[in-house]
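I have placed the structure first, in the form of structure tokens, so that the comments after it can refer back to it.
The values are calculated or read from the model by the stated rules, or taken from the named source; none is laboratory data. No experiment lies behind these values; they were computed from the predicted model shown. Every residue, glycine as well, gets a Cβ built from its backbone with ideal geometry; the counts of neighbours run over all protein chains shown.
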Amino acid sequence: MYIEQLKIKGFKKFKDFTISFNKHINVLIGENEAGKSTILEAIDIALNQKIFNSTNNSEKYFNNDIVHQYKTNPSIDTLPRIEIELLFNDENELNSEYFNGLHSSFTPILKNGITFTYKFDESYRELLESMYDGGYDESFVPTDYYIAEWVTFAGRKYINKKSPLKNVLIDNSIRKNNLFDSYSKRIFNNNIKVRDRQHLSYQFRKNIQNFITENNEQLNIKEYNFGIDEDKTVLENLLDLKSDGVSIQNKGKGKENLIKTEIALEVECDLILLEEPENHLSYINTRKLIKDIQTMCGNAQMIITTHNPLIVSRLDLRNTIWISKGTCHSLEKVQEDAADYFMKTDNMQLLNFILAQKVILVEGNSEFILLPQLVKNSLSYTLEGKNIEILSGGGITYKHYIELSKVVNNSLLVITDNDGDQDTVDSIGQLNKKYTNIQVKCSDSVIEFTFEVCLFNKNASELNTISDIKPGTKAEYREVATDKNLAYMLKNKTEAALRISEEDNYKEIVLLPEYIQEGIEWLVLQ
């Protein structure tokens, strides 16, 4: 069993939102406040009847746009409501009488699932109408007259004890009150069979009663005697998870997060919801966590929110779902060789690439260091001011980024070298005709085989003092005599770039080579 689809209406960030999930691993990414956590929360509400089963004021959970519409035109018909639908897969037969039916947005097709609704209770309609007529204060939503309902697609009242999925939610982003109590209880209930739980509970209460009987004299005071509060003899409420004899809540937060995740993977869960599993973990432990997920999740469905590019790439880019502006975009169509490339490399800029609307991908350190300043010198604006992200991709990897860009549909400018090869120049020209959102730029002249040559040729008079190397010095990998300053730049690329970006003689006067300026002007207009 697994969740095939989730629909959310009117809940927090989402006015009307639908997301489909993979059978096994799902990695949710997005900017802060994109709604990743809200997705996990919505699943927890529908499946485990959380939050709305109490009398707390729930107005804060409504979508802001819907609340604004109500306050602009207050009436019973415009009152906000929340609806969450969980659709289960049809691969395995489910209890058709309980979960399968037409009471969903999927009608007239029979589907398996649960619908949660938080709405105005119609039994109060007459009362509320009279309140509106009498000058009711419409500055807040009258949630006192709301009702929370959980109903299966078969139209049956749903209770979480009949959940078709054993599940656990691990939120590593914050530490909540009673986190460990509820977490330990969930792990206990998922991993210990019902008959064994009953037996353990019986033995626990029996031993408590034996203690009372054996110590009856000491527990008597005049006409009274001490007993044990029955509410505190529930075994589940007293459990605490320990590792090496130490409670996990007394370990460091990184170790605590790692242990919680490992335990969740080890128990028999159908669904594991992980909120930012990388929190407080070192690089080594993050890699250990990823390996555990890859090897231990078995047939369980996992839905993970993360800001860590290592988790995104190592768990297969095609399992990624990008949440942005109230919609979701699956990366399942990324080509296999590109996904494999990112999976095998610890690419720490991958998330930046996916989330950015406009990206410049450069080959090496020199371009990465110099471009922001050169753009400012040449075009009188900044890359940051134009919301352009600059990333260093390495000379042979940009084709993988192009494949990714085709799926995420951002605007990509690749700055590359022609390496003195006319075929490279020609193939780049043909490549640029294929896409509207991707451009690859290199010098059209094979003599200008690399960025440093192009930069020097554009700014020869300004760079004529960058080196005091003797005339005739050769570039390290070119058997041709060249200008001493250019030779210095070719043999000391990063050092030269840093000097140009920092020294007063150069930093505000050196300009972009023409091919790069053309590319950036194209990118700004996208």
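If you go through region 402-411 and keep only what is in contact with a Phe, Trp or Tyr (Cβ under 8 Å, 6 or more places away or on another chain) and in contact (Cβ under 8 Å) with a residue 60 or more places away in the chain, you end up with Leu404, Val408. Take Gln69 and decide whether it is at positive phi, over 18 Å from the mean Cα position of the chain (by Cα), polar (S, T, N, Q) and at pLDDT below 95. Against the criterion (at positive phi, over 18 Å from the mean Cα position of the chain (by Cα), polar (S, T, N, Q) and at pLDDT below 95), Gln69 does not qualify.
Name every residue in region 349-383 that is hydrophobic (A, V, I, L, M, F, W, C) and over 21 Å from Ala497 (Cβ atoms), in order of residue number. Selection gives Leu350, Leu351, Phe353, Ile354, Leu355, Ala356. Taking the criterion of being touching a residue at least 12 places away in the same chain (Cβ under 8 Å) and not in a loop (DSSP other than H, G, I, E, B), the residues of region 367-387 that qualify are Glu367, Phe368, Ile369, Leu370, Leu371, Pro372, Gln373, Leu374, Val375, Asn377, Ser378, Leu379. Of all residues in region 14-33, those satisfying the criterion of being part of a loop (DSSP other than H, G, I, E, B) and touching a Leu at 6+ places or on another chain (Cβ under 9 Å) are Phe21, Gly30, Glu31. Looking across region 437-467 at every residue that is closer than 23 Å to Asn505 by Cα and acidic (Asp, Glu), the one that is farthest from the chain's Cα centre (by Cα) is identified as Glu462. Being of a type outside the set (Val, Ile, Thr), modelled with pLDDT under 90 and outside any helix (DSSP H, G or I), is that true of even one residue in region 397-412? For region 397-412, residues of a type outside the set (Val, Ile, Thr), modelled with pLDDT under 90 and outside any helix (DSSP H, G or I): absent. Restricting attention to region 492-521, the residues being within 17 Å of Ser461 (Cα to Cα) and part of a helix (DSSP H, G or I) number 6.
Here's the yes/no breakdown for (1) in a strand (DSSP E or B); (2) modelled with pLDDT of 75 or more; (3) assigned by TED's automatic domain parsing to the domain that holds Lys406:
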{"position": "Val440", "(1), (2), (3)": "yes, yes, yes"}
{"position": "Ser443", "(1), (2), (3)": "no, yes, yes"}
{"position": "Cys454", "(1), (2), (3)": "no, yes, yes"}
{"position": "Asn457", "(1), (2), (3)": "no, yes, yes"}
{"position": "Ser461", "(1), (2), (3)": "no, yes, yes"}
{"position": "Ile466", "(1), (2), (3)": "no, yes, yes"}
{"position": "Ile469", "(1), (2), (3)": "no, no, yes"}
{"position": "Glu476", "(1), (2), (3)": "no, no, yes"}
{"position": "Glu479", "(1), (2), (3)": "no, no, yes"}
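For a quick check of your reading: which strands (runs of 3 or more DSSP E) sit entirely within region 259-357 and have at least 2 residues that are within 25 Å of Ile402 (Cβ to Cβ) and among the β-branched types (Val, Ile, Thr)? Can you show your working first?
On the way: elements: 271-275, 301-305, 320-324, 327-330.
By residue number, 320-324.
The number of residues in region 485-526 being surrounded by fewer than 17 Cβ atoms within 10 Å (Cβ to Cβ) and free of Cβ contacts under 8 Å to residues at least 40 places away in the same chain comes to 5. Among the residues making up region 19-46, those that are touching a strand residue (DSSP E or B) at 6+ places or on another chain (Cβ under 9 Å) and free of Cβ contacts under 8 Å to residues at least 40 places away in the same chain are Thr38, Glu41. Against the list (1) hydrophobic (A, V, I, L, M, F, W, C); (2) more than 24 Å from Asn459 (Cα to Cα); (3) not in a helix (DSSP H, G or I), the condition Ile390 fails is (2). Residues in region 1-49 that are out of contact with any Phe, Trp or Tyr (no Cβ under 8 Å at 6 or more places or on another chain) and hydroxyl-bearing (Ser, Thr, Tyr): Thr18, Ser20, Ser37.
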